[in-house]
Amino acid sequence: MSAPLLSLRHLTVDYATDRGTARAVDSVSLDVASGETVALVGESGSGKTTLALSLLGLLPEPPARVAPESRIEYQGANLAGGDNASWRRVRGREMGMVFQDPSLSLNPVLTVGSQVAEVVRTHSKCTRREATTRAAELLAMVGVDSPALRARQYAHQLSGGLRQRAMIAIALAGEPKLLIADEPTAALDVTVQAQIVELLAELRRRLGMAVLLVTHDFGLVAQMADRVVVMYAGQVAEMAPAPVVFSGAAHPYTQGLLLAARGGAGSAERRLAAIPGAPPAATAWPSACRFHPRCARAWNHCRAEAPQLERVSEGHDARCWLVSEPAGETGGRPS
Amino acid sequence: MTAGAATAALVAFAARLWTAPRARLGLLLVALLVLAAAAAPWLAPYDPSAQLDLATLQLAPPSTAHPLGTDLFSRDVLSRLLHGARISLSIAVLAVLVAVTVGTAVGLAAGYGGPVLDAVLMRVVDSGLAIPRVFLLLMVLALWERSTSLTLILVLGLTSWFPTSRLARAEALSVRRRDYVVAARALGLPSWRILLRHVLPNIAPALLVSAALGVGQIVLVEAGLSFLGVGVQPPTASWGNMIADGQTHLLAAPWLAAAPGLALVLTVIAFSVLADGLQDALNPRSS
Amino acid sequence: MGAGLVTVLGFLVRRLAQAALVSFAVVTVTFVLLHLAPGEPLATFAESPYASPEVVAQMRRNFGLDQPLLVQYGRYLANITRGDWGMSFAQHRPVLAAFRDTVGNTAVLALAALLLDFGLGIAAGVMQASRPRSVTDRILSGISLVFYSVPVFWLGLMLLLLLGEALHWFPVGGVVDPVLYPSLSPAAQLVDRLRHLALPALTLALVGAGATARYQRAALLDAMRQEFVRTAKARGLSERAVVWRHGLRNALLPTITLVGLSLPALLSGVVLVETVFSWPGMGRLTVSAITQRDYPVVMGAALLAAFSVVLANAAADIAYRFADPRTREAR
């Protein structure tokens, strides 16, 4: 097994808030291999966006603080705790990021093309003209019609779908090996969502990039993910290859998400809301298992001791007393 | 916000005022200034218009007897400075009172009355803002000829109300559509009553900030007018005309012009800090 | 493109019409003030030692002072539009003619001051906003506050004292050297003019820059808080590129509007600064007109200043409209 492209070990992020310190990401460890697509799934408040931002050093410090024991290893080198210069070597060039709302993420007073071109020029030595040509090529690659014309237009002149395509082009302009996509379809119309998903899948095939897909949309997961990492309350609840998750998820939370997703039609948010209760606030995680207040299958031990992430089968880990053995007591567990 | 809630908000505002560090500093500075000005007759070592000794004490540099020296007529500069503070500050404060009163009245009328009244009043405000202050003041002072303190206060106040009116108008416009106002009108309450009880408490804090800034600005404007010779007339001491006196002896006796100028700077800074502090108390999260 | 041109023209027409409306209001206000003043209009000026009976009588005729108020108003409007702004009592010539000699000097001073003001203010604002709450930020904020609180005429005097009389780096008054100028080469003449312009322009600029810096700092901080700035960082752009290309490009837009808004304060300052530095412009003319009770000049100067402000604001709005791509083609 070759070394993973991105390796997170004990990644912990704390936020200073009025109500005390919130641990948004709690000792998360996961790997992304070269060319692999990993989906990071969870509700809002699960810490997935914070995690994504921390990968490029984009968390505002203060109030956020990446704990010193965290390791963010890209191609073996630890990025965590680095200075701005070391982050800049990685941003855009090794890891690119696509954000959720393209209308907010594009500078309104610069042309779309110039924003793509500036990334090209930042990461490779070429003339202005060459960069402009490359920008048009990139826009064409992401399926923008009349790329030369569109390059000269401004964000407000493009539709939501075109804007997101432009954002993807910008993220790819530095030729990164890992693309982090934070809810890439959340701000788009349903019809456009499907197009963007198509685009991402095709780009992944064509460019052989690794993708870290942060989303709550299981449709997207089904179409693109090789592996799924489910996050709840700042921790990894379950981690498995995609087919395994869809056919035999172990954690009740994952099962709940899948049930809600398969269930009625409607937007992904509505589907997720089908699990009763709400995620806990990061300043007050429940004791023991963090999911137990909302879990239909919680039993005594769930309220007593916090479960660890343990192997269920090859490549499949879960954090739940239903699948792992608590030391000592075995009685009382439901079958 | 209903009247009850608005009163509670004002009380909370006053409490926050004391806790905000800039507000406290501003209040302290301003209080010092006001005290010094008010106590001028007792603090000043000499009579400001007394010509002490034309033979030997003309343009004397600072000394222990005269910490800020004397001017061309051998008058003690420190005493003139303190009395000048009285004049300049009282004119500015009274003028600001006039400005805020007129501005609020006009703004509320424009925002709450009909569209025709609004259009007419706002054109007046636009033209008032378009004519640079000094030109407007010179024009008005030329027409009215007299330069008594009262005229000065009225003229300064009546040319400074325009920004306040915009503020009051915006608030009146936003409030008139609120449910409790519509309800009040349905009950037959007269407009002025509604404005007084509902709109005014809401804009009171913003008016205070505006007033604090306004005092600083008007002190500068009055000084400018006095400097030009159309404001406070000699021999009454105003910081502005003291600087004008100092201009003719700039190289020989620089303290004549420097002292009143510094006093002006410190006064304006004090009121600016107070205004910033009031602003902090208004929006505790905006700093 | 044709449709775009029509909307652009429509906007221009509307904006200029608005400017005309405010100008009209300004003229009306001056008329009202003239007639609100105690005594018969021009009564006090008839007492002016400079007002010859013929001039006063001519003004009476021109402005129709024995006619009903509405007729007077009409004639007044007509006269102003035609360029007949009355006769200067002191100079015995039309007011506009008196202005022709002085407007140029004031315009030069105002323009130089504006350039310096915004140059300094924007630079300071950017320095502050790129390192908020740092020592640099706090020091510059303090300096801005001081310059904002300084009386402009006093600052002028202090600069004159220090840089003019004490150090002799700059001359202490006038536009050109009264004795040497005619015999200088064109290059030296330009230098002489610049040396005379320096102190008055600097005085006005320093006071204005205090406010401009504050404004620019807030605008840039605001822009830097926007999402697209974080996105720009995520692409690996350098700190400098992020601040200048992304932050400042956006933050300079509101500064265009500020140019129009700073003009009234600048013109007020011009009157005082021209007096301090004996600069032969509109300001100094107005002040001497006041002491000479030459009312038509005072009123004319106020009108001219107001028209400049209205025009500058219209120009700023139009410029903004074209600078911001979001409003460029919008209705």
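The values are calculated or read from the model by the stated rules, or taken from the named source; none is laboratory data. Bear in mind that the values here come from a model prediction, so they are computed numbers and not experimental data. When we count neighbours, we look across all protein chains shown, and the Cβ atoms used for this are built from the backbone with ideal geometry, even at glycine.
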Cβ pairs under 7 Å, 6+ apart or interchain, first in segment C:226-249 and within 7 Å of another protein chain (Cβ to nearest Cβ) and touching a residue at least 60 places away in the same chain (Cβ under 8 Å), second hydroxyl-bearing (Ser, Thr, Tyr) and crowded, with 23+ Cβ neighbours inside 10 Å, ordered by first then second residue, are none
Restricting to segment C:259-277, what's the tally of residues that are under 23 Å from C:Pro178 (Cβ atoms), more than 7 Å from every other protein chain (Cβ to nearest Cβ) and part of a helix (DSSP H, G or I)?
4
Any residue that is within 30 Å of B:Ala263 (Cβ to Cβ) and at pLDDT below 90 - is there at least one of those in segment B:184-195?
no
Keeping to segment C:121-163, report how many residues are modelled with pLDDT under 90, more than 18 Å from B:Met242 (Cα to Cα) and within 11 Å of chain B (Cβ to nearest Cβ).
2
Given (1) at pLDDT 80 or above; (2) part of a helix (DSSP H, G or I); (3) under 18 Å from C:Arg293 (Cβ atoms), number of the condition C:Gln91 does not satisfy
(2)
Conditions (1) in contact (Cβ under 8 Å) with a residue 60 or more places away in the chain; (2) more than 14 Å from chain C (Cβ to nearest Cβ); (3) at positive phi; number of the one not met by A:Gly143:
(1)
From the option list C:Ala187, C:Ala205, C:Ala198, single residue qualifying as modelled with pLDDT under 90, more than 14 Å from chain B (Cβ to nearest Cβ) and part of a helix (DSSP H, G or I) is C:Ala187
Which numbered condition in (1) within 12 Å of chain C (Cβ to nearest Cβ); (2) surrounded by fewer than 24 Cβ atoms within 10 Å (Cβ to Cβ) is the only one that A:Ala171 fails?
(2)
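Quick check on my filter: what residues within segment C:164-184 are farther than 21 Å from C:Gly104 by Cα, part of a helix (DSSP H, G or I) and away from every other protein chain (no Cβ under 14 Å)? Explain how you work it out, then say what you get.
Taking segment C:164-184 first, the residues farther than 21 Å from C:Gly104 by Cα are C:164-170, C:179-180, C:183-184.
Right, trim to part of a helix (DSSP H, G or I) and you get C:164-166, C:183.
Answer for segment C:164-184, where residues must be farther than 21 Å from C:Gly104 by Cα, part of a helix (DSSP H, G or I) and away from every other protein chain (no Cβ under 14 Å): just C:Ser183.
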Qualifying helices (runs of 4 or more DSSP H) (wholly inside segment B:133-217; at least 1 residues being within 14 Å of chain C (Cβ to nearest Cβ))
B:133-144, B:149-158, B:162-175
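Test of understanding: among A:Ala171, A:Ala140, A:Ala148, which residue is in contact with a Gly (Cβ under 6 Å, 6 or more places away or on another chain) and small (Gly, Ala, Ser)?
Numbers: A:Ala140 fails: in contact with a Gly (Cβ under 6 Å, 6 or more places away or on another chain); A:Ala148 fails: in contact with a Gly (Cβ under 6 Å, 6 or more places away or on another chain).
Being in contact with a Gly (Cβ under 6 Å, 6 or more places away or on another chain) and small (Gly, Ala, Ser) holds for just one of A:Ala171, A:Ala140, A:Ala148, which is A:Ala171.
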Anything in segment B:4-45 that is at pLDDT 70 or above and among the aromatic types (Phe, Trp, Tyr)? List them, or say none.
B:Trp18, B:Trp42
Single match in B:Leu256, B:Leu274 (criterion: within 30 Å of C:Arg225 (Cβ to Cβ), in contact with a helix residue (DSSP H, G or I) (Cβ under 8 Å, 6 or more places away or on another chain), in contact (Cβ under 8 Å) with a residue 24 or more places away in the chain and surrounded by 24 or more Cβ atoms within 10 Å (Cβ to Cβ))
B:Leu274
Is segment B:52-66 home to any residue that is among the hydrophobic types (A, V, I, L, M, F, W, C), on the phi > 0 side of the Ramachandran plot and touching a strand residue (DSSP E or B) at 6+ places or on another chain (Cβ under 9 Å)?
yes
By residue number, the members of segment B:104-116 that are of a type outside the set (Gly, Ala, Ser) and touching a helix residue (DSSP H, G or I) at 6+ places or on another chain (Cβ under 6 Å) are B:Thr104, B:Val106, B:Leu108, B:Tyr112
Can you find a residue that is hydroxyl-bearing (Ser, Thr, Tyr) and at pLDDT 70 or above anywhere in segment A:317-330?
yes
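Have a look at C:Val126, C:Val71, C:Val108 and point out the one that is over 28 Å from the mean Cα position of the chain (by Cα) and assigned to a helix (DSSP H, G or I).
On the way: C:Val126 fails: over 28 Å from the mean Cα position of the chain (by Cα); C:Val108 fails: over 28 Å from the mean Cα position of the chain (by Cα).
After ruling out the rest, the residue left standing is C:Val71.
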What's the number of the only condition in (1) at pLDDT 90 or above; (2) out of contact with any Pro (no Cβ under 6 Å at 6 or more places or on another chain); (3) assigned to a helix (DSSP H, G or I); (4) under 30 Å from C:Pro325 (Cβ atoms) that A:Leu203 fails to meet?
(1)
Give me the pairs: first residue in segment C:278-290 and more than 10 Å from every other protein chain (Cβ to nearest Cβ), second residue basic (Lys, Arg), beta-carbon distance under 8 Å, and six or more apart or on different chains, which are they?
C:Ser278/C:Arg284
So which residues in segment A:101-141 are closer than 20 Å to C:Glu227 by Cβ and among the aliphatic types (A, V, I, L, M), if there are any at all?
A:Leu104, A:Leu106, A:Val109, A:Leu110, A:Val112, A:Val116, A:Val119
Please give the number of the condition C:Leu140 fails out of (1) within 24 Å of the chain's Cα centre (by Cα); (2) in contact (Cβ under 8 Å) with a residue 40 or more places away in the chain.
(1)
List pairs: first residue in segment B:220-236 and at the interface with another protein chain (Cβ under 10 Å from one of its Cβ atoms), second residue among the basic types (Lys, Arg) anywhere in the structure, Cβ distance under 8 angstrom, at least six positions apart or on different chains.
B:Val221/B:Arg133
